[in-house]
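Structure, as structure tokens:
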Amino acid sequence: VLGHSLRAVAPEAAEAGCITLAGVCAALGVSPMQKAIANWLATSPALGDISALMSKRPSAHAAAISLLSTCFRGSLLPLFAQHLKQAASGEQEYLASAHHMLKVMLSRRELAEACQEQGVVAHFLGRSIQRLGDDRSTAGTQQAAALLATDLWLTMYAGSTRQTSSQEGLGDLLASMKKASQSRQGCTPQLVAFSCLTRMLSSLCDLQDPDGTPAVYRTLVYALVEAESQSVREYAMRCLLGVLARYEGVPVGILAELIVKKFQASLEPVAVIDIELFLVIAKHPRCTPRHAEMLAQVLARCSVESADVGRAASLPLLVVFGRFAVEDSVQAVFDRFVQVALTRLIQRGIPKVQVNQVHEILAKVACMRISALDARLRGLLIEVCKAYLSNYQSLHPNLQAVLEMWPEDERAVKKWAQTTFAELKEEPTKYAKQERSDQERKHHQSPKHIASGGDEDSGGLELRSITPSLHNEQVERQRTPESHHHIAPPVSVRNDERHQDKREDELQNADDLVAEALFKHAEAAVPELPFNGEGDELQVEQLAKETEGLRAELERAKEKQSKALKESEELRKELSAAKELQKKVQSEVKQLQDRRKEIIATRTRQGAGNADNAGPGPTVAKGKGRGREAPAAPASDVAKEQAEELLKAFDEPLKILFGQYAKSRRGPSGKQLELKVEVLESMLGDLGIIPSRMQKRAVPQLLRAVQPKKSEEVILVDAFMALLLRMAPVSFADSEAAPYQDFGISVPVDGTPTLKLQLQAMLQQIESLAETSHLSSLRVTRSAFAKAKRLWVLTHTRATLTTLNSRLLAGEEQDSIVLPEGFEIAVRKPPKLFLVPAGLPIADSERIAVELLDEILAL
């Protein structure tokens with residue numbers, strides 16, 4: 001009766017029955033009746049009912065554990081390893097039920113010691129680690145295993161006194177957790193794995209454990225860096241941010257190095273969550289100048305170039321500059337940042353949003369009032385402004401906006417500009433001469449625009465600005481007393497218009513030239529000597545010669561670099577060709593050896609067959625005549641049929657792969673996909689077949705064998721499938737094939753023909769590339785390959801089950817049957833039911849009482 005109460009619909013009634021049953025067992029003490037109750041719990045569905053009750057009613061945990069500990073105090077391992085497993089419907093439910101029970105037991109000192117002594121903790125810790133590392137486990141099983149393993153290790157091994165075995169268990173647990181963080185079963189196991197790692201790290205930090213904490217932290221950091229899913233990566237980073245904010249002793253150096261190297265290697269965009277992590281690292285007490293320099297390099301590029309997260313990236317960047325301003329390495333990064341930012345301001349075509357972004361960052365640096373940074377910023381800004389004025393005579397508006405933050409520097413630059421160009425305005429005839437020889441100087445001097453004006457008092461001269469953002473905008477005329485006494489001959493407006501188009505073309509690329517040589521040759525571009533009379537023309541010519549020399553050196557350097565690149569490329573090609581030749585020779589030797597073995601085996605079988613057919617009379621050769629046995633199909637035909645069967649099983653992912661490279665074309669029979677030969681060669685290169693496994697010149701030969709009467713340099717999907725079948729023995733060895741595994745079942749490869757194994761090796765390489773490659777044309781086939789592999793294993797499983805069941809039905813003994821891996825013979829007996837015949841004229845209460853009494857007595 002109490003056992004039936006555990007199945008009550010109302011949870012309160014089931015809990016009351018459990019409490020009553022626990023009280024009865026405790027009152028009986030050590031007696032045969034108690035052993036009978038334990039046997040009843042182990043063999044009846046009551047154990048499963050107790051597990052279900054604990055998952056629904058946390059308040060029933062105490063009564064349920066009291067009942068189980070009373071009945072199974074000396075046999076806890078059989079209770080969990082055998083009886084509870086039989087009561088559970090699957091691995092996930094089994095681990096979850098054990099987790100509920102062990103969590104309560106381990107909270108009690110006596111039961112915790114009993115579980116430890118009887119090996120219950122070690123059993124479930126090993127089982128959970130095994131399930132975490134098994135790719136065949138479901139997402140629910142991996143989740144339950146991760147939670148159980150974490151609680152077990154933290155409860156039993158996270159104390160101050162641990163042994164070497166616990167450290168070994170920690171290593172296995174962390175390895176399985178890291179593998180679970182990259183599980184292919186979905187995001188749920190990955191999220192649970194990161195949650196468990198964070199929980200372990202927090203617990204060990206609270207305990208100040210010097211042994212386990214570094215290992216857990218390294219595992220969490222490496223798993224975070226290797227995470228592929230963006231949602232999982234954000235969750236893991238949030239967990240890590242909480243740990244860094246809570247504990248000041250966490251070494252952030254390894255985290256900063258790995259994150260920065262990842263961004264430098266992959267060139268992926270920086271997200272907002274990454275910037276939050278950078279900000280926490282920059283403020284962390286254990287952040288060193290070397291790590292701050294690494295962060296600043298990534299943040300500086302992002303704050304200037306990214307329109308999405310540039311403003312957010314400026315926050316940790318300013319923290320780094322403010323905290324480590326006295327460090328030489330950070331000052332060097334700051335100099336490069338300012339150079340890039342100022343160059344960005346004068347480049348043509350930069351959006352207004354990015355210009356405002358750069359202005360904002362530079363303004364924030366100025367407002368920080370750090371003398372070391374302020375002096376460097378102002379010095380670089382003055383150099384840029386002088387270099388720009390030397391080329392254009394008018395300051396760029398974006399530079400003008402930055403220079404206005406320091407009025408004294410602005411006045412100094414204006415004074416320098418007035419002093420530099422004062423003599424140019426006093427003697428316009430010399431610069432008119434320079435304009436006539438403008439074609440000879442080839443962009444090496446500052447262009448001057450001289451035009452005749454309509455005002456007679458102006459002497460027919462007009463100075464115009466050639467600022468890139470304000471082309472041909474007239475500058476306000478500045479008259480001096482000397483201009484009325486010295487009037488140059490007027491310049492024709494038509495002459496100015498004839499050269500207008502040519503000057504505009506010359507000025508189109510002026511911004512890029514200035515940005516390129518802005519910081520490399522600033523001293524050569526800025527004239528420091530004032531112009532005085534006859535010496536000004538010599539100075540301009542000297543400046544032009546120096547600039548021409550610098551450009552010639554640049555061209556020679558580019559030619560040397562190009563030559564060196566070509567030579568390295570040729571050497572690389574020669575090395576690649578040598579490697580290909582070596583692989584080809586090895587493959588040919590391997591094929592010859594395999595062929596030799598096949599010939600020897602065939603001759604051996606033929607000799608054995610002839611010896612069996614030999615009689616007292618002369619041996620009669622078999623033929624095709626009447627009454628004679630027809631010859632069997634050759635082994636090559638059988639191998640080809642099996643290979644075609646495997647190719648047909650993976651028809652869907654291969655067609656998807658073909659469709660990623662082929663193009664649709666309308667033909668006589670409608671639309672069809674066609675693949676060009678050059679595109680086919682590119683696809684084979686993406687698959688790692690050309691040139692590492694097969695030479696490129698072998699492809700046309702195989703194509704002629706597949707479609708000898710082709711009219712175009714294209715192939716269809718059927719020809720592509722046939723081509724793969726011919727390409728497999730040329731490029732792959734049978735030893736490279738691995739058994740297909742799924743559902744815990746492995747498809748054996750022993751006794752499989754060589755051609756089928758070679759094709760299987762090719763398909764497995766394509767599937768592996770679909771999982772790891774960054775090419776979308778390969779990654780799109782991932783799910784199709786997984787489905788095809790599962791169906792292939794399922795087909796083998798059904799065939800094996802049919803064979804085994806037929807042998808059992810034929811009367812063959814179970815012991816004589818050798819079961820393949822993953823198969824077992826299950827014998828299930830239906831439960832006994834005690835029912836009163838329906839025709840008896842008795843009340844329902846008597847009927848139920850009799851049935852319960854029969855069930856109790858049958859135990």
Rounded to the nearest 0.05, what FRET efficiency is calculated for Glu570 and Ala332 with R0 set to 45 Å and r the Cβ-Cβ distance?
0.75
Spin-label model distance (nm) - Val850 vs Ser229, 7 Å beyond Cα toward Cβ
5.8 nm
Here the FRET efficiency for Arg136 versus Ala372, based on Cβ atoms and R0 = 41 Å and rounded to 0.05, is 0.10
For a label point 7 angstrom out from the Cα of Asp172 toward its Cβ, which stretches of region 212-255 have the backbone nitrogen within less than 11 Å?
none
Send over the Kirkwood Rh of region 736-853, from the inverse of the averaged 1/r over different Cα pairs, rounded to one decimal Å.
19.1 Å
Could you sort Asp409, Asp134, Asp172 by their accessible area in this structure, using a 1.4 Å probe and putting the largest first?
Asp172, Asp134, Asp409
Show me, for region 213-222, the HN-Hα J-couplings you get by feeding each phi into the Karplus relation (A = 6.51, B = -1.76, C = 1.60, θ = phi - 60°), rounded to Hz, glycine and proline as x.
4, x, 5, 5, 5, 4, 4, 5, 5, 5
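From largest accessible area down, sort Ser229, Ser735; use a 1.4 Å probe on the protein chains.
Correct descending sequence by accessible area is Ser735, Ser229.
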With all protein chains present and a 1.4 Å probe, how do Phe834, Phe337 order by accessible area, largest first?
Phe834, Phe337
Solvent-accessible area of His359, probe 1.4 Å, all protein chains present, reported in Å² to the nearest ten, please.
40 Å²
Quick calc: nm separation of the 7 Å Cα→Cβ label points for Ala36 and Val638 -> 6.4 nm
If you put +1 on each Lys and Arg Cβ and -1 on each Asp and Glu Cβ, how big is the dipole of region 805-859 around its Cα centre, in Debye rounded to 20?
140 debye
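The values are calculated or read from the model by the stated rules, or taken from the named source; none is laboratory data. Predicted model, so just to flag it, every value in this text is computed and none were measured. Virtual Cβ from ideal backbone geometry, glycine too; neighbours counted across all protein chains shown. Accessible surface is based on the protein model in full, side chains and every heavy atom, while ligands, DNA and RNA are left aside. Shrake-Rupley method; radii C 1.70, N 1.55, O 1.52, S 1.80 Å.
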